[in-house]
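The values are calculated or read from the model by the stated rules, or taken from the named source; none is laboratory data. Please read all numbers here as calculations on a predicted model, not as lab measurements. Don't worry about glycine lacking a Cβ; one is built from the backbone with ideal geometry, like all the others, and counts go over all protein chains shown.
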Amino acid sequence: MGEELYKEIILDHHKNPRHFGTLKKPTHQAHLENTLCGDEVTMQLKVEGLRIKDVAFSGSGCAITIASASLLTDAVLGKSLAAVKKLGTKDIDKLLGVKVGPAREKCAYLGLETLCKALGK
Amino acid sequence: MIRAMVRNDFPILRRRIHGKRFAYLDSTATTQKPLSVIRAMDEFQRKYNANVHRGIYTLSEEATELYEGARKKVAQFIHANSEREIVFTRNATEAINLVAYAWGRANVHEGDNVVISVMEHHSNIVPWQMMGRELNYELRITDVDAAGLIDLRQLEQQITKRTKLVAVTGMSNVLGTMPPIANIARMAHRKGALVLVDGAQSVAHVPTDVRKLGADFLAISGHKMLGPSGIGALWAKQELLETMPPFLGGGDMIREVTLQSATWNDVPWKFEAGTPNAVGAIGLGAAVDYLQKLGMGNVHKHEQTLVAYALKKLRTLKGITIYGPLDARKKGGVIAFNVDGVHPHDLATLLDREGVAIRSGHHCAQPLLRNVFNVMATARMSFSVYTTKRDIDQCVAAIEKARRVMG
Ligand SMILES: Cc1ncc(COP(=O)(O)O)c(C=O)c1O
């Protein structure tokens, strides 16, 4: 089951996180820390005409934190603001392809929480 | 010597986790319970349960006798002069808070100071911060080096005539190091300060003799020494307890109550407001019996053998960082470590799938991790009487596998 949680997709996004870095002129951004373990994520967005024109994230943490943030950036790029604002934890489970379980939820949802904070949600 | 058969006394260790043999390596967080503890608690609830100290009838008298008998066992276990020196609490944290609130409020004033080390568990930091804000005293923090040794020179300078208390751990729950309490107590007493030892770990892992320890207060945790959760104790000399105002108010802690005021019961009951956790105390008493049968000297030796073995095995792995001393003789049964390229949370999840339970995170010692080692989280394996070399082998194999998965 360990290997099931640490699927190819999670390992891949952990090792090669997408959109990792910073944007020049973000319209929205936020930073959150998981005080329990020190994981941290910064999300930056460039919103134009109610669409996510560009997105970037940075931070450090465990594979679940990084992979789920990375998958999320892939998922929101080009989407409408309205659609992105509807995203919930279930969507993260879908992106990860697995439900991480209570001990690791904080890690899995840190990226999403940061995104919500950036969008003032 | 402690034989591997001891493991059979702990029913939970027969569980299989994810279909694998269960290697429980998180005894610093809480220990598992031997059958004798489980049975003693079960028997108490089946045959003797009644409110202690209150009834005139047979059952209440028997329950009281068992509860007070448990107090006696704890007293003897740490070589206290009398059972009157043992106050039952919920846990070590409450024991420390009792001192901070009851003794602290009466004895620490504006302009005074309290000294702790950077290596403390949050439970020996936060109460002193909270009381410091209320009482306006200064909280002084003594450094610890990467080997887990307290800077005794700095400590000596920090202890002044205005120092009321030095509060240090008897054994770090991260590094396993044991500060030289007798030395520290001499320094403190010379300046008129008292000494509190957070014995949550030390009492569970090494022989404790309060007559030689040098401390004035000792906080004890039941669930970390094979007892149940919800029971702990504070040890202090009877004369000292008698000078202290009560902590919580309520039943049992009073002698007489009028509508205007109350007079206090004798110590230690003065500090035990409300119906106590009698079944927990009985469990702790049974845990003490169990440990005494093994012999705490043997327990310590057993854990040192395991630490030496685990350190040797861990160091054969590539990319392992071990925090604290590498000499097993300098520590108790706990090893904090990190594996390059594998976050401790990922490691703990992957190990769990191999039946191995380790802790990951900051171990309630954020200042130590951050200020001394500059990390936010580590993995940690820790041992108790039932730990075997096979547990360690299983863990090391699982670490190698985790690294392959994350590689
Ligand atoms: C060194 C140390 N002090 C205090 C505590 C708190 O103990 P308790 O859970 O009994 O309050 C712990 C346990 O986590 C500990 O390891």
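Scanning segment B:56-111 for residues that are assigned to a helix (DSSP H, G or I) and of a type in the set (Phe, Trp, Tyr) returns B:67, B:77, B:101, B:103.
The requirement of being in contact with a His (Cβ under 8 Å, 6 or more places away or on another chain), away from chain A (no Cβ under 14 Å) and away from the ligand (no atom under 16 Å from the Cβ) is not satisfied by residue B:58. For segment B:354-363, the criterion of being under 25 Å from residue A:65 (Cα atoms), modelled with pLDDT of 95 or more, in contact with a Gly (Cβ under 9 Å, 6 or more places away or on another chain) and more than 10 Å from chain A (Cβ to nearest Cβ) is met by at least one residue. Given the criteria in contact (Cβ under 8 Å) with a residue 24 or more places away in the chain, within 25 Å of residue B:6 (Cα to Cα), buried (at least 17 other Cβ atoms within 10 Å of the Cβ) and more than 13 Å from chain A (Cβ to nearest Cβ), does residue B:335 qualify? Yes. I'd like to check something: does segment B:78-89 contain any residue that is away from chain A (no Cβ under 14 Å), within 19 Å of residue B:201 (Cα to Cα) and within 13 Å of the ligand (Cβ to nearest atom)? Yes. Determine, yes or no, whether residue B:23 is more than 14 Å from chain A (Cβ to nearest Cβ), among the aliphatic types (A, V, I, L, M), within 16 Å of the ligand (Cβ to nearest atom) and within 26 Å of residue B:357 (Cα to Cα). For residue B:23, the condition - more than 14 Å from chain A (Cβ to nearest Cβ), among the aliphatic types (A, V, I, L, M), within 16 Å of the ligand (Cβ to nearest atom) and within 26 Å of residue B:357 (Cα to Cα) - is not met. Comparison of B:256, B:239 shows that the only residue that is in a helix (DSSP H, G or I) and over 16 Å from the mean Cα position of the chain (by Cα) is B:239.
Yes/no matrix, rows are residues, columns are (1) farther than 23 Å from residue B:335 by Cα; (2) more than 16 Å from the ligand (Cβ to nearest atom); (3) within 14 Å of chain A (Cβ to nearest Cβ); (4) not in a loop (DSSP other than H, G, I, E, B):
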site: B:1; (1), (2), (3), (4): no, yes, no, no
site: B:8; (1), (2), (3), (4): yes, yes, no, yes
site: B:13; (1), (2), (3), (4): no, yes, no, yes
site: B:29; (1), (2), (3), (4): no, no, yes, no
site: B:32; (1), (2), (3), (4): no, no, no, no
site: B:36; (1), (2), (3), (4): yes, yes, no, yes
site: B:41; (1), (2), (3), (4): yes, yes, no, yes
site: B:46; (1), (2), (3), (4): yes, yes, no, yes
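Here residue B:274 clears all of (1) surrounded by fewer than 18 Cβ atoms within 10 Å (Cβ to Cβ); (2) touching a strand residue (DSSP E or B) at 6+ places or on another chain (Cβ under 6 Å) except the condition numbered (2).
Could we say that residue B:241 is at pLDDT 95 or above, closer than 19 Å to residue B:93 by Cα and away from the ligand (no atom under 14 Å from the Cβ) here? Criteria met by residue B:241. In the set (1) under 22 Å from residue B:334 (Cα atoms); (2) assigned to a helix (DSSP H, G or I); (3) more than 16 Å from the ligand (Cβ to nearest atom), residue B:204 fails one condition alone, (3). Exactly one residue out of A:87, A:32, A:45, A:95 is assigned to a strand (DSSP E or B) and over 30 Å from residue B:370 (Cα atoms), and it is A:45. Do we find a residue being more than 14 Å from every other protein chain (Cβ to nearest Cβ), more than 19 Å from residue B:347 (Cβ to Cβ), within 15 Å of the chain's Cα centre (by Cα) and in a helix (DSSP H, G or I) anywhere in segment A:52-70? For segment A:52-70, residues more than 14 Å from every other protein chain (Cβ to nearest Cβ), more than 19 Å from residue B:347 (Cβ to Cβ), within 15 Å of the chain's Cα centre (by Cα) and in a helix (DSSP H, G or I): present. The set of residues in segment B:207-231 that are assigned to a loop (DSSP other than H, G, I, E, B), away from the ligand (no atom under 12 Å from the Cβ) and within 15 Å of residue B:73 (Cβ to Cβ) comprises B:208, B:226. Taken together, the residues in segment B:360-400 that are aliphatic (A, V, I, L, M), over 24 Å from residue A:39 (Cα atoms) and within 16 Å of the ligand (Cβ to nearest atom) amount to 0. Restricting attention to segment A:13-36 and to residues that are within 12 Å of chain B (Cβ to nearest Cβ) and out of contact with any Leu (no Cβ under 8 Å at 6 or more places or on another chain), the residue that is farthest from residue B:17 (Cα to Cα) turns out to be A:33. Of the conditions (1) among the small types (Gly, Ala, Ser); (2) within 16 Å of residue B:220 (Cα to Cα); (3) surrounded by fewer than 21 Cβ atoms within 10 Å (Cβ to Cβ), residue B:280 clears all except one; give me its number. If we test residue B:280 against (1) among the small types (Gly, Ala, Ser); (2) within 16 Å of residue B:220 (Cα to Cα); (3) surrounded by fewer than 21 Cβ atoms within 10 Å (Cβ to Cβ), just (3) comes out false. When residue B:128 is tested against the conditions (1) surrounded by fewer than 22 Cβ atoms within 10 Å (Cβ to Cβ); (2) out of contact with any Ser or Thr (no Cβ under 7 Å at 6 or more places or on another chain); (3) in a helix (DSSP H, G or I), the lone failure is (1).
So that you can scan it fast, the table gives a plain yes or no per residue for (1) of a type in the set (A, V, I, L, M, F, W, C); (2) surrounded by 23 or more Cβ atoms within 10 Å (Cβ to Cβ); (3) more than 17 Å from residue B:219 (Cβ to Cβ):
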site	(1), (2), (3)
B:5	yes, no, yes
B:13	yes, no, yes
B:24	no, yes, yes
B:29	yes, no, no
B:38	yes, no, yes
B:56	yes, no, yes
B:62	no, no, yes
B:90	no, no, no
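To keep it simple, each residue is scored yes or no on (1) surrounded by fewer than 19 Cβ atoms within 10 Å (Cβ to Cβ); (2) of a type in the set (Lys, Arg); (3) closer than 27 Å to residue B:10 by Cα.
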{"position": "B:300", "(1), (2), (3)": "yes, no, yes"}
{"position": "B:314", "(1), (2), (3)": "no, no, yes"}
{"position": "B:344", "(1), (2), (3)": "no, no, no"}
{"position": "B:349", "(1), (2), (3)": "no, no, yes"}
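Residue count for segment B:154-183 under the criterion of being away from the ligand (no atom under 16 Å from the Cβ) and assigned to a helix (DSSP H, G or I): the result is 7.
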